[in-house]
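Below is a structure I'd like to ask you about.
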Amino acid sequence: MIPVQTAISRFRRDLTIGALLRGLLTVGAAACVLLPITGSGVGGIGLLLGIGVVWMLLGYRSMRGSRLAADSPLLIASGQFEEAETRIDAALRSFSLFKPAKLISLHHLAVLRHAQRRWQESALLCGALLGQRLGSLRGLSKPSLLLLVDDLLHLGDLNGAYGRWAGFISNG
């Protein structure tokens, strides 16, 4: 079983490392294009090609990681919680250069915890997810918010549920 705090800290760490790596690769590629490399055995084009290969390899690993958890909603719906947890754990452990794969995996874990009636853990996961800038996955905010509100209601936190819901209604 994946401890929630471990999953959240791993999620945040992986997002930071992914952003740092994307930034380094982008700066490296820009430097290859803008600053001619002279005096070294490796030309700018060779270095740029190397950066492109690294980017593609990391992108492939990211895609593989996102595929690991792709079936987890079906597994959760059919009651196969252990298999869903195994796949979500593998997806959260795998490296991803891109943020959406990690966001979706964390959301799937929140849904799993909700299905297991572990309201507190699901609420923590939804809170961590909603605390991120979702970008292209902003459509994930509504289901995550509804999940969080339901978790808070199950926990007896009517004020917290109302506060989250009222904040959502007033913002959009």
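The values are calculated or read from the model by the stated rules, or taken from the named source; none is laboratory data. All of these numbers come straight from a predicted model, not from anything done at the bench. Because the Cβ atoms are built from the backbone with ideal geometry, glycine has one as well, and the counts that use them run over all protein chains shown. Heavy atoms of the whole protein, side chains included, go into the accessibility calculation; ligands, DNA and RNA do not. Shrake-Rupley method; radii C 1.70, N 1.55, O 1.52, S 1.80 Å.
How much of the accessible area of the range 19-172, probe 1.4 Å, is carbon plus sulfur, in whole percent?
Ligands and nucleic acids excluded, carbon and sulfur reach 64 percent.
Using a 1.4 Å probe on the protein heavy atoms only, what accessible surface does LEU35 show? Give it in Å² to the nearest 10.
110
Please tell me the relative contact order of the chain in percent, rounded to the nearest whole number, where contacts are Cα pairs under 8 Å and at least six residues apart.
19
Heavy-atom accessible area of THR86 with all protein chains present, probe 1.4 Å, nearest 10 Å²?
For THR86, solvent-accessible area is about 90 Å².
Further question: How much of VAL54 can a 1.4 Å solvent probe reach, expressed as accessible area in Å² and rounded to 10?
60
Ignoring ligands, DNA and RNA, what accessible area per residue does the range 10-126 give at 1.4 Å, in Å²?
In whole numbers, the range 10-126 has 56 Å² accessible per residue.
From the alpha carbon gyration tensor of the chain, can you work out the equivalent ellipsoid semi-axes (sqrt of 5 times each eigenvalue) and give them in Å, largest to smallest?
Working: eigenvalues 294, 71, 25 Å².
Rounded to whole Å, the semi-axes are 38, 19, 11.
Round to the nearest 10 and give me the degree value, 0 to 90, for the angle of helix 141-154's Cα axis relative to the longest principal axis of the chain.
Orientation of helix 141-154: about 30 degrees from the principal axis.
Magnitude of the Cβ-charge dipole of the chain, K/R +1 and D/E -1, about the Cα centre, nearest 20 debye?
It comes to approximately 380 debye.
Which length gain, in nm to one decimal place, applies between ALA77 and MET63 when the Cα-Cα distance is subtracted from 0.36 nm times their residue separation?
Computed gain between ALA77 and MET63 is 2.7 nm.
Related question: Which sequence of LEU152, LEU20, LEU92 reflects their accessible areas, 1.4 Å probe, from the largest down?
The most accessible residue leads, giving LEU20, LEU152, LEU92.
So, with +1 on the Cβ of K and R and -1 on the Cβ of D and E, and no other charges, what is the size of the charge dipole of the range 1-81 about its Cα centre, to the nearest 20 debye?
120
May I pose another question? Can you list the HN-Hα couplings for the range 101-111, worked out from phi with the Karplus curve (6.51, -1.76, 1.60; θ = phi - 60°), rounded to whole Hz and with x for Gly and Pro?
Whole-Hz 3J(HN,Hα) from phi for the range 101-111: 4, 6, 4, 5, 5, 5, 5, 4, 5, 5, 5.
Within the P(r) computed for the range 83-132, what percentage of the Cα pairs occupies the region above 12 Å?
In whole percent, the share of Cα-Cα pairs in the range 83-132 beyond 12 Å is 61.
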